[in-house]
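The values are calculated or read from the model by the stated rules, or taken from the named source; none is laboratory data. Model, not experiment: these values are computed from the prediction. For neighbour counting, all protein chains shown are included, and Cβ atoms are generated from backbone atoms with ideal geometry for every residue, glycine included.
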Ligand code: 5AD
Ligand code: SF4
């Protein structure tokens, strides 16, 4: 595609803002790679860009409102004569459909998360100003036909998008040293509150060889940390020999149903499980110094995965495994497919097999019919599990979910708010205690960035009497945030993207504070 140049130097600038989860962050990276390869440049200034793209999230109403207010602002600017192309990508357009274009005429095109390979064409049409019908300005999964069988998944151009990523470290966080790799797309768990199965479609699993190839390319371009992404990573399961493309290469396939995990593995087929995949990546891509994965599902997380985590030193001892509620009645209404007892059994197994594992979780409060007793059970679960941190969300009814049709959103706003605040307080106390246990220990920190507080100091907002030190922020293998000071910006930049030993001298609910342990540093 040849975008029509606007400036004499032939480049068009794009401002891309990303909302929501890590899947969206990865999608945005791929979008950026794709468009940079076509000659676009990306910039941080929304006011000067020729094109504004929003990669949206639809999981909670708040996330949608945020992006819609940005779109509203651009509508006013367009009315006032600003020439700009506006595109909305991701889950919100997928959920809302073409009517979004009717509601917001300032939006030139929309593109769902499963159609990002069609983005260059949509963008080109918008730039060249061809007048198109609404349906031609929308790329949406819609009827799901693209995901209806192994064969259509096999033809999936999205797989090519992942495989063709540019591996260009320039525009990545942590100097290109940390990267996401998708292992599955979509979800078919159908938790009643969740839009994801509607917006991202049925679960499709990528072939292990493609995943490993991507990891290899990433380390060759400098990555040392890889985070595998999937909605329920432990449900990864790839059956070999089912479908190949014309070049004889394995292609993505629809994930097995939940019942597959109740039965023993079928020995007549060659299957790569999540445990096998972790082991292969660990062994075949030794340059990955940290291998992580999110998000885990509390069901069907067998011991073999925990044992691989324990036995492979470069796999981080960290699990993000949302409980969502501590009440069996609510879990059932949520269609989560497990009981509190089963969740706690999983946590017990994890801590027995990997004693130093850190666990993070998600909780939704105020789900329809949630009583004080249900809520107290959730509090009790949080106290039992002792999450290193626990994200708390207020239930938000989402269009096209089962819950919105089936249950009245009957917990008052104030009650939801009180419950959120209470759990944040309890969770904060527990996180504080978890973080405190690290005091006096030396931890390996993957240095991610100059901490925002330090940036403020250096911009003169909080000027100190003497030249301030620079504070760096990074993460331990268990995903605890750790900050420490170095003496100059030059040193700070040289450490970003590396793993350094830090002695922990203090802690807070969401933070370790340490001193760079220079004696223990590999020179
Ligand atoms: N309302 C509130 N929270 C939600 N989540 C997902 N859907 C909703 C909803 N409708 C939360 C869940 C999930 C996290 C990513 O967002 O806790 O794990
Ligand atoms: Fe949504 Fe449930 Fe799938 Fe998670 S497992 S993405 S909450 S449907």
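Yes or no, residue by residue, for (1) under 26 Å from residue 337 (Cβ atoms); (2) in contact with a strand residue (DSSP E or B) (Cβ under 7 Å, 6 or more places away or on another chain); (3) modelled with pLDDT of 90 or more:
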site: 167; (1), (2), (3): no, no, no
site: 170; (1), (2), (3): no, no, no
site: 175; (1), (2), (3): no, no, no
site: 178; (1), (2), (3): no, yes, yes
site: 185; (1), (2), (3): yes, yes, yes
site: 193; (1), (2), (3): yes, yes, yes
site: 197; (1), (2), (3): yes, no, yes
site: 205; (1), (2), (3): yes, yes, yes
Residues of the stretch 182-206 that turn out to be free of Cβ contacts under 8 Å to residues at least 60 places away in the same chain and either more than 16 Å from ligand 1 (Cβ to nearest atom) or assigned to a loop (DSSP other than H, G, I, E, B) (or both), as a count: 6
Matching residues, the stretch 381-423, being away from ligand 2 (no atom under 16 Å from the Cβ), loosely packed, with under 14 Cβ neighbours inside 10 Å and more than 28 Å from the chain's Cα centre (by Cα): 408, 410, 412, 414
Among the residues listed as 96, 73, the single one being out of contact with any helix residue (DSSP H, G or I) (no Cβ under 6 Å at 6 or more places or on another chain) and surrounded by fewer than 21 Cβ atoms within 10 Å (Cβ to Cβ): 73
Residues within the stretch 377-413 that are without any contact (Cβ under 8 Å) to a residue 12 or more places away in the chain and either within 24 Å of residue 343 (Cα to Cα) or within 10 Å of ligand 1 (Cβ to nearest atom) (or both), tallied: 1
Per-region count, the stretch 341-364, residues within 16 Å of ligand 2 (Cβ to nearest atom), in contact with a helix residue (DSSP H, G or I) (Cβ under 9 Å, 6 or more places away or on another chain) and in contact (Cβ under 8 Å) with a residue 60 or more places away in the chain: 2
Some residue of the stretch 207-214 being modelled with pLDDT of 95 or more and within 16 Å of ligand 1 (Cβ to nearest atom): no
Residue check, residue 393 out of contact with any strand residue (DSSP E or B) (no Cβ under 6 Å at 6 or more places or on another chain) and more than 19 Å from residue 347 (Cα to Cα): no
Members of the stretch 285-315 that are farther than 17 Å from residue 227 by Cβ and within 15 Å of ligand 2 (Cβ to nearest atom): 298, 299, 300, 301
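Conditions (1) away from ligand 1 (no atom under 16 Å from the Cβ); (2) at pLDDT below 95; (3) over 24 Å from the mean Cα position of the chain (by Cα); (4) over 27 Å from residue 397 (Cα atoms), marked per residue:
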| residue | (1), (2), (3), (4) |
| --- | --- |
| 325 | no, no, no, no |
| 329 | yes, no, yes, no |
| 339 | yes, no, yes, no |
| 344 | yes, no, yes, yes |
| 350 | yes, no, no, yes |
| 358 | yes, no, no, yes |
| 361 | no, no, no, no |
| 365 | no, no, no, no |
| 372 | yes, no, yes, no |
Residue count for the stretch 316-328, restricted to those that are within 16 Å of ligand 2 (Cβ to nearest atom) and in a strand (DSSP E or B): 3
Listing of helices (runs of 4 or more DSSP H) fully contained in the stretch 8-108 that carry 2 or more residues being modelled with pLDDT under 95 and more than 20 Å from residue 119 (Cα to Cα): 61-79
